[in-house]
1. Name the single residue, out of those in the stretch 148-159 being in contact with a Phe, Trp or Tyr (Cβ under 9 Å, 6 or more places away or on another chain) and assigned to a helix (DSSP H, G or I), that is farthest from Asp73 (Cα to Cα).
2. Here is a check on your reading of the model: is Arg103 basic (Lys, Arg) and under 17 Å from Val161 (Cα atoms)?
3. List the number of the failed condition for Met159; all other conditions in (1) touching a helix residue (DSSP H, G or I) at 6+ places or on another chain (Cβ under 8 Å); (2) crowded, with 20+ Cβ neighbours inside 10 Å hold.
4. Applying the selection to the stretch 130-156, what residues are at pLDDT 95 or above, surrounded by 15 or more Cβ atoms within 10 Å (Cβ to Cβ), farther than 15 Å from Asp195 by Cα and of a type outside the set (Lys, Arg)?
5. Please go through the stretch 117-133 and give me each residue that is farther than 29 Å from Arg146 by Cβ and touching a residue at least 24 places away in the same chain (Cβ under 8 Å), ordered by number.
6. Are any residues in the stretch 1-49 outside any strand (DSSP E or B), over 18 Å from Tyr209 (Cβ atoms) and within 16 Å of the chain's Cα centre (by Cα), and if so, which ones?
7. Give me the residue from the stretch 60-92 that is of a type in the set (Val, Ile, Thr) and in a helix (DSSP H, G or I) and, out of that set, farthest from Phe162 (Cα to Cα).
8. Within the stretch 174-190, identify whether any single residue is within 23 Å of Arg231 (Cβ to Cβ), of a type in the set (Lys, Arg), assigned to a loop (DSSP other than H, G, I, E, B) and modelled with pLDDT of 95 or more, and answer yes or no.
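The values are calculated or read from the model by the stated rules, or taken from the named source; none is laboratory data. It should be emphasised that the depicted structure is a prediction, and the values quoted were computed from it without experimental measurement. As a convention, Cβ positions derive from the backbone with ideal geometry for all residues, glycine included, and neighbour counts pool all protein chains shown.
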Amino acid sequence: MKSCRERISLVTPSYNQAEFIGRTIDSVLEQAGDFDLDYFVIDGGSTDETLDILAGYDARVRWVSERDEGQIDAINKGLRRATGNVVGWLNSDDVLLPGALQRVSECFENQQCQWVHGGCKIIDRHDNEIRKWISAYKDRKGRNFRRATLLRENFVSQMTVFWRRELMDQVGYLDTSLPLAFDYDYWLRFSKVCDPYFIDAPIAAFRWYESSKSGAGYAAQCREDEMIARRHGLKGWAGHRKQMQNRMRIGIYRLYDSIRRNAVQ
């Protein structure tokens, strides 16, 4: 006997993202399949054209605009209002790829799992795919998930992650004291309960550009990443190895950015 349709709650935190928010929302509203969608944009009181864009969607998108304490507070606010039995969030500059939510729904219907993640592309501010080697590397890691590996390296792409409400009830909401790597902390809390299921297909695209949180602050993000791993039990040689890998990663990213800037000039 076929199970009931999954109800998927998706939250988008937003603040002054008029350049991208329309593309993010469209990527969600264009999803189709055998599921019910509960979509909520939590805006932090934008002063650019974001509110005009949101108003243009009429009743197709639930949204609220009010002052908050930042991205994590906005996501938690949306998660508390979620009505679905499957939950996730999508940042206001990222996009879902065609068929993503149908794949997520089918996975939860057919697999014994509490959370899932999947393939992720990386795009620039003009929607061009970039850094394919990083996507391929993360996909390979995702296919062979182990908590010990996750402690050493965060290879889970946030915008592809969805989970059962029961799991969120068990582990709680996002930690507001972790401004840069709060998602990594969440995956480690999830993985204490159970391993995820990897959807071996592109689910979403992460937008990388110079002024994004990840683009502008990956060195600070790596430092917070290391602190979180230690909090969750990483120590000894494994901890030192993680530090060295992060330093190497920062160097590679800086070199890559330098080459790209020189190519544009």
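1. Looking at residues that are in contact with a Phe, Trp or Tyr (Cβ under 9 Å, 6 or more places away or on another chain) and assigned to a helix (DSSP H, G or I), I get Thr149.
2. Working: basic (Lys, Arg): yes; under 17 Å from Val161 (Cα atoms): yes.
So Arg103 fits the description; yes.
3. Result: Met159 passes all but (1).
4. Ser135, Asp139
5. Taking the stretch 117-133 first, the residues farther than 29 Å from Arg146 by Cβ are 124-128.
If the condition is that a residue be farther than 29 Å from Arg146 by Cβ and touching a residue at least 24 places away in the same chain (Cβ under 8 Å), then Asp124, Arg125, Asp127 are the ones that fit.
6. Ile25, Val28
7. Going through the stretch 60-92, the residues of a type in the set (Val, Ile, Thr) turn out to be 61, 64, 72, 75, 83, 86-87.
Still in the running and in a helix (DSSP H, G or I): 72, 75.
Values: Ile72: 17, Ile75: 14 Å.
This residue is Ile72.
8. Taking the stretch 174-190 as the starting set, the residues that turn out to be within 23 Å of Arg231 (Cβ to Cβ) are 174-190.
If we keep only those that are of a type in the set (Lys, Arg) as well, we get 189.
Okay, now just the ones that are also assigned to a loop (DSSP other than H, G, I, E, B), so none.
No, that holds for no residue.
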